[in-house]
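S.K.: Structure below; questions to follow.
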Amino acid sequence: GATIGILGGGQLGRMLSVAAARLGFTTHIYEPGAEPPAGQVAHRVTTAPYEDVQALAGFAAAVDVVTYEFENIPTAALDAIEAVVPIRPNRRTLAVSQDRLTEKAFISELGLKTAPFAAVDDAVDLAEAMEEIGLPAILKTRRFGYDGKGQARIDRPEDAPAALAAMAGAPAIYEGFVAFSQEISVIAARGVSGEVACYDPGANVHRDGILRTTTVPAPLSTAQRTDAVLLAGRILNALDYVGVMGVELFVTPGGLLVNEIAPRVHNSGHWTQNGCVIDQFEQHIRAVAGWPLGDGTRHSDVEMQNLIGADMDKVPALARDPAVALHLYGKAETRAGRKMGHANRRLGPASA
Ligand code: ATP
Ligand code: MG
Ligand code: MG
């Protein structure tokens with residue numbers, strides 16, 4: 001059978017490996033860190049930095065296609081791999097989504113709405129952005145941010161210097177604060193032949209910048225649901241995308257705004273493991289392997305709860321709960337703010 005190479009050995013790589021194995025594929029993880037969670041379930045692991053072009057070429061030669069569980073892969077690493085095997089999702093998608101500014105520009109050019117935004121490299125840019133876009137706002141580093149890291153709220157003009165200092169000299173983006181009624185995401189998939197399948201939108205609740213729960217179905221009107229999946233489909237088509245993508249949206253009285261896109265399986269799609277016959281991990285493997293997409297129809301309503309740090313203390317009780325399916329990542333060390341696993345609670349059969 002074919003071998004799927006996965007860049008990154010975290011929990012997403014782990015769950016992708018399990019799904020791939022179920023379809024008869026072998027997986028090969030490339031991960032710089034020691035003892036990656038995915039390494040426990042993958043068939044092969046290469047431990048080397050992304051700067052090691054030799055190791056990357058060897059990895060690429062040993063697999064049939066390369067996918068990834070995170071988007072901040074150095075360009076030189078991608079070049080070394082792409083000289084040997086295809087990378088799915090494609091390079092263009094990575095270029096667009098690695099930088100919040102290019103990402104928002106791309107979304108706007110598609111005619112979709114985002115928060116008002118402006119590039120901020122220095123205090124002059126920041127003063128201009130505050131003047132044009134107004135307050136409150138969020139200043140974010142353009143690259144490498146996740147779980148709300150690299151972000152600073154600006155509520156009053158006096159907050160500006162500290163917010164700029166928090167960027168530590170990195171290029172930033174100023175975003176007007178969106179007064180959303182809820183946050184939702186669409187987990188969307190596109191196959192090599194261009195077919196698109198979207199899971200039902202889930203409602204996301206964050207705490208301290210980290211996703212806590214995703215609940216399906218999100219409380220949306222039928223028209224909002226349609227808007228959400230249509231806009232996700234447009235994004236995938238425009239990128240000639242292959243694989244699963246997470247599209248984070250803000251629901252506002254003026255319609256749906258795109259917060260960000262993630263060119264990979266997404267934490268807010270973990271509910272699909274117990275809400276659908278084909279979950280997001282299998283769907284991604286199917287897409288990157290050139291298989292037809294599977295049926296992602298929701299058979300159950302689900303609440304996904306992330307187990308972060310000390311939440312692991314809840315595991316014994318959750319393990320006794322017949323409505324809960326546990327997914328633990330096998331991380332050796334529990335740390336505050338670290339995603340250790342998640343619990344999918346079945347709320348009942350799929351409601352309307
Ligand atoms: P992730 O872990 O999802 O990749 P991230 O670090 O990339 O997160 P964002 O998704 O941009 O960060 O922001 C984190 C959260 O902060 C959002 O889910 C939302 O709750 C809030 N937020 C971000 N941008 C805005 C905005 N412009 N207006 C209002 N709230 C926002
Ligand atoms: Mg993000
Ligand atoms: Mg986000």
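Where a number appears in this text, it was derived from the coordinates with a stated rule and is not lab data. Because the structure is a prediction, the values reported are computed rather than measured. When we count neighbours, we look across all protein chains shown, and the Cβ atoms used for this are built from the backbone with ideal geometry, even at glycine.
S.K.: Given H placed 1.01 Å from N in the peptide plane, which residues other than close sequence neighbours of residue 120 have an amide H under 5 Å from its amide H?
M.R.: Under 5 Å from the amide H of residue 120: 172, 173, 174.
S.K.: Further question on the same structure: Straight-line reach from residue 331: which aspartates and glutamates fall under 16 Å, measuring Cα to Cα and dropping same-chain residues less than 8 apart?
M.R.: Here the aspartates and glutamates satisfying the reach criterion relative to residue 331 are 31, 35, 311, 313.
S.K.: What FRET efficiency comes out for residue 2 versus residue 146 if R0 is 35 angstrom and r is the Cβ-Cβ distance? Round to the nearest 0.05. If you can, show how the numbers build up before the last one.
M.R.: Values: r = 30 Å, r/R0 = 0.86.
Efficiency, from the Cβ-Cβ distance: 0.70.
S.K.: In nm, to one decimal, how far is the modelled label at residue 132 from the one at residue 40, with both set 7 Å along Cα→Cβ?
M.R.: Here the answer is 4.9 nm between the modelled labels.
S.K.: Per DSSP H run of at least 4 residues, take -39500 (n - 2.57); add these up for the chain, divide by its residues and hand me the 222 nm value, nearest 500 deg cm²/dmol.
M.R.: Working: 11 runs with 100 residues, N = 352.
Helix contribution divided over all residues of the chain: -8000 deg cm²/dmol.
S.K.: Grab the Cα-Cα distance for residue 335 and residue 297, subtract it from 0.36 nm times how many residues apart they are, and report the gain in nm with one decimal. Could the numbers behind the result be given before it?
M.R.: Details: separation 38, 0.36 × 38 = 13.68 nm, distance 3.54 nm.
Working it through step by step, the gained length comes to 10.1 nm.
S.K.: Then there is this: What whole number of Å gives the distance from the Cα centroid of segment 304-338 to the Cα centroid of segment 95-161?
M.R.: Value for the Cα centre distance between the two parts: 34 Å.
S.K.: Sort 149, 314, 339 by Cβ crowding within 10 Å, fewest neighbours at the top.
M.R.: On the way: 149 12, 314 16, 339 21.
Placing the least packed residue first, the sequence is 149, 314, 339.
S.K.: Let's test the formula: R0 of 22 Å, r as the Cβ-Cβ distance of residue 207 and residue 162. What FRET efficiency results, to the nearest 0.05? Before the final figure, lay out each step's value.
M.R.: Working: r = 22 Å, r/R0 = 1.02.
Efficiency for this residue pair is about 0.45.
S.K.: Now for a separate question. Below 8 Å between Cα atoms, with a sequence gap of 6+, how large is the relative contact order for segment 93-226 in percent?
M.R.: Values: 201 pairs, mean separation 26.8, N = 134.
With pairs under 8 Å counted, the relative contact order is 20 percent.
S.K.: Further question: Starting from the amide H of residue 200, placed 1.01 Å from N in the peptide plane, find each other amide H under 5 Å away whose residue is 5 or more places distant or on another chain.
M.R.: Amide H to amide H, under 5 Å and 5 or more residues apart or across chains, residue 200 pairs with 298.
S.K.: While we're on this one: Okay, which of segment 20-39 sit inside 17 Å, backbone N to the point 7 Å along the Cα-Cβ direction of residue 70?
M.R.: Label zone hits: 29-39.
S.K.: Whose amide H sits under 5 Å from the amide H of residue 114, counting only residues 5 or more places off or on another chain, with H placed in the peptide plane?
M.R.: Here 258 satisfy the definition.
S.K.: Which shape class, rounded, prolate or oblate, goes with the chain when its Cα gyration tensor gives a ≥ b ≥ c as root eigenvalues, a/c under 1.5 marks rounded, and past that a/b bigger than b/c marks prolate? Please report the intermediate quantities before stating the final value.
M.R.: Numbers: a/c = 1.44, a/b = 1.20, b/c = 1.20.
It is rounded, given that a/c, with a ≥ b ≥ c, falls under 1.5.
S.K.: In whole Hz, what ³J(HN,Hα) sequence does segment 103-113 give by Karplus (6.51, -1.76, 1.60; θ = phi - 60°), x for Gly and Pro?
M.R.: Those phi angles translate into 5, 5, 5, 4, 4, 5, 5, 6, x, 9, 8 Hz.
S.K.: While we're on this one: Which whole-number percent gives the relative contact order of the chain, counting Cα pairs below 8 Å spaced six or more residues apart? Present the calculation step by step, with values, prior to reporting the outcome.
M.R.: Details: 789 pairs, mean separation 49.3, N = 352.
14 percent.
S.K.: Sort 183-193, 26-36 by packing, meaning the average of other beta carbons within 10 Å per residue, with the highest value first.
M.R.: On the way: 183-193: 24.1, 26-36: 20.1.
Packing order, densest peptide first, comes out as 183-193, 26-36.
S.K.: Looking at this model, which pairs from 314/339; 149/339; 104/339 are more than 18 angstrom apart at the alpha-carbon? Write out the running numbers ahead of the final one.
M.R.: Details: 314/339 14 Å; 149/339 14 Å; 104/339 27 Å.
Correct reply: 104/339.
S.K.: Quick one: what are the phi-derived ³J(HN,Hα) couplings along segment 224-231, Karplus 6.51/-1.76/1.60 with θ = phi - 60°, whole Hz, x for glycine and proline?
M.R.: Here the 3J(HN,Hα) series is 5, 4, 5, 4, 4, 6, 5, 5 Hz.
S.K.: At 0.36 nm per residue, and after removing the present C-alpha to C-alpha distance, how many nm does the segment from residue 252 to residue 83 gain when stretched out fully?
M.R.: Values: separation 169, 0.36 × 169 = 60.84 nm, distance 4.40 nm.
Gain on extension, residue 252 to residue 83, equals 56.4 nm.
S.K.: Pop out the ³J(HN,Hα) list for segment 121-134 in order, Karplus 6.51 cos²θ - 1.76 cosθ + 1.60 with θ = phi - 60°, rounded to Hz; leave Gly and Pro as x.
M.R.: Coupling constants for segment 121-134: 10, 7, 5, 5, 4, 5, 4, 5, 5, 4, 5, 7, 9, x Hz.
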